[in-house]
1. Looking only at the range 229-246, which residues are more than 12 Å from the chain's Cα centre (by Cα) and assigned to a loop (DSSP other than H, G, I, E, B)?
2. Has the range 133-140 got any residue that is surrounded by 23 or more Cβ atoms within 10 Å (Cβ to Cβ), without any contact (Cβ under 8 Å) to a residue 40 or more places away in the chain and more than 16 Å from the ligand (Cβ to nearest atom)?
3. Return a yes/no flag: does the range 213-229 have any residue that is closer than 18 Å to residue 38 by Cα, surrounded by 13 or more Cβ atoms within 10 Å (Cβ to Cβ) and acidic (Asp, Glu).
4. Considering 217, 226, 240, which residue is touching a helix residue (DSSP H, G or I) at 6+ places or on another chain (Cβ under 8 Å), among the hydroxyl-bearing types (Ser, Thr, Tyr) and closer than 16 Å to residue 159 by Cβ?
5. Looking only at residues in the range 54-80 that are under 16 Å from the mean Cα position of the chain (by Cα) and in a helix (DSSP H, G or I), which one is surrounded by the most Cβ atoms within 10 Å (Cβ to Cβ)?
6. Taking the range 195-214 as the search range and keeping residues that are of a type outside the set (A, V, I, L, M) and assigned to a helix (DSSP H, G or I), which one is farthest from residue 159 (Cα to Cα)?
7. Across the range 114-132, what is the number of residues that are within 25 Å of residue 162 (Cα to Cα), of a type in the set (Gly, Ala, Ser) and either in contact (Cβ under 8 Å) with a residue 24 or more places away in the chain or in contact with a helix residue (DSSP H, G or I) (Cβ under 7 Å, 6 or more places away or on another chain) (or both)?
8. Could you give me the residue pairs with C-beta distances under 9 Å whose first residue belongs to the range 219-231 and is closer than 18 Å to residue 132 by Cβ, whose second residue is among the acidic types (Asp, Glu) and at pLDDT 95 or above wherever it lies, and which are 6+ apart or on separate chains?
Amino acid sequence: MSVHTVDGSSSVPTSTHSRPVSIHDLKAIKQRGERFAMVTAYDANAASILDDAGVPIMLVGDSLGMVVLGYESTVPVTLDEILHHTRAVARGRSRALVVTDLPFGTYQLGSDAAMSSAVAALKAGANAVKLEGGGETITSTRRLVAAGIPVMGHIGLTPQSMHQFGGYRVQGRDAAAAERLVADAIALEEAGAFSIVIECVPTDVGQQITNAVEVPTIGIGAGHHTDAQVLVWHDLLGLTSGRLPRFVKPYVNLRDTIGDAIKSFQTEVADGEYPGPEHQY
Ligand code: KIV
């Protein structure tokens, strides 16, 4: 991602700049026609690595439930769990915007519930919250934004509704469904959302939604026309085992690298090679 204007001044704070990234920086990136990446983070170490790499947004996603806590889906994640990990990420970050997912059941009861969950997330160190869906979520988005809480929308495949969808399926495949997604995106923007995640939709639907709004769209399985892309930490780094969704591109195979390192440690311990003289007092 380019982060410099033509005169060479920094437009988005980089890892060598101390100014934290704001929601306004992200809108400015879209206006300049540039793209950016968002990555999930669940602990302080990951947050500091992402900051050093210059990633402008880290998402404390409720994917936490699946990739860290071992749940079958994101549905069981509780507010306490996401707040615990938000605190860790907030302690490790120095400049990226920290966005926290409001877990299933913590905002669906209406805007009062959304408000108290979002306030808890901000008190834990988040700079913004993400809510899944259109409909009622739009009312809650308007209320949170009016109270000064930045909101990221999330449409398309919204994993908290996987029981309603009957699994993890590509959304917006027919014209009517695509139109509904575009309408939801426009309504979220009008309600004050500062960006919108679009998950698992055909590429042309990702493009239609991106063209319909001025706020940055962040795609995951939504093609190459969105303003940004997000990947889950474990998927990006090749830590996930089993079959991966089509949109996942592991940039390294850390699962094997870590496994090999642990085997080397075991072997050296068994052979009496570790600890050597240089590791002893
Ligand atoms: O929970 C999560 O990690 C997410 C991203 C996949 C967008 O919502």
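1. 237, 238, 239, 240, 241, 242, 243, 244, 245, 246
2. Checked against the condition, which is being surrounded by 23 or more Cβ atoms within 10 Å (Cβ to Cβ), without any contact (Cβ under 8 Å) to a residue 40 or more places away in the chain and more than 16 Å from the ligand (Cβ to nearest atom), the range 133-140 yields at least one hit.
3. yes
4. Selected residue: 240, the only one of 217, 226, 240 that is touching a helix residue (DSSP H, G or I) at 6+ places or on another chain (Cβ under 8 Å), among the hydroxyl-bearing types (Ser, Thr, Tyr) and closer than 16 Å to residue 159 by Cβ.
5. So the residue we want is 64.
6. Our first condition is that a residue be of a type outside the set (A, V, I, L, M); within the range 195-214, this holds for 195, 199-200, 202-204, 206-208, 210-211, 214.
Still in the running and assigned to a helix (DSSP H, G or I): 203-204, 206-208, 210-211.
Working: 203: 19, 204: 21, 206: 17, 207: 21, 208: 22, 210: 21, 211: 24 Å.
My answer is 211.
7. At the first step, the residues of the range 114-132 found to be within 25 Å of residue 162 (Cα to Cα) are 114-118, 121, 128-132.
Of the ones still in play, those that are also of a type in the set (Gly, Ala, Ser) are 114, 116-118, 121, 128.
Filter again for either in contact (Cβ under 8 Å) with a residue 24 or more places away in the chain or in contact with a helix residue (DSSP H, G or I) (Cβ under 7 Å, 6 or more places away or on another chain) (or both), leaving 114, 117-118, 121, 128.
Summing the residues that are within 25 Å of residue 162 (Cα to Cα), of a type in the set (Gly, Ala, Ser) and either in contact (Cβ under 8 Å) with a residue 24 or more places away in the chain or in contact with a helix residue (DSSP H, G or I) (Cβ under 7 Å, 6 or more places away or on another chain) (or both) in the range 114-132 gives 5.
8. What qualifies is 219/199; 219/227; 220/199; 221/199; 222/199; 230/199.
The values are calculated or read from the model by the stated rules, or taken from the named source; none is laboratory data. Predicted model, so just to flag it, every value in this text is computed and none were measured. Counting neighbours? That spans all protein chains shown, and the Cβs are built from the backbone with ideal geometry, glycine included.
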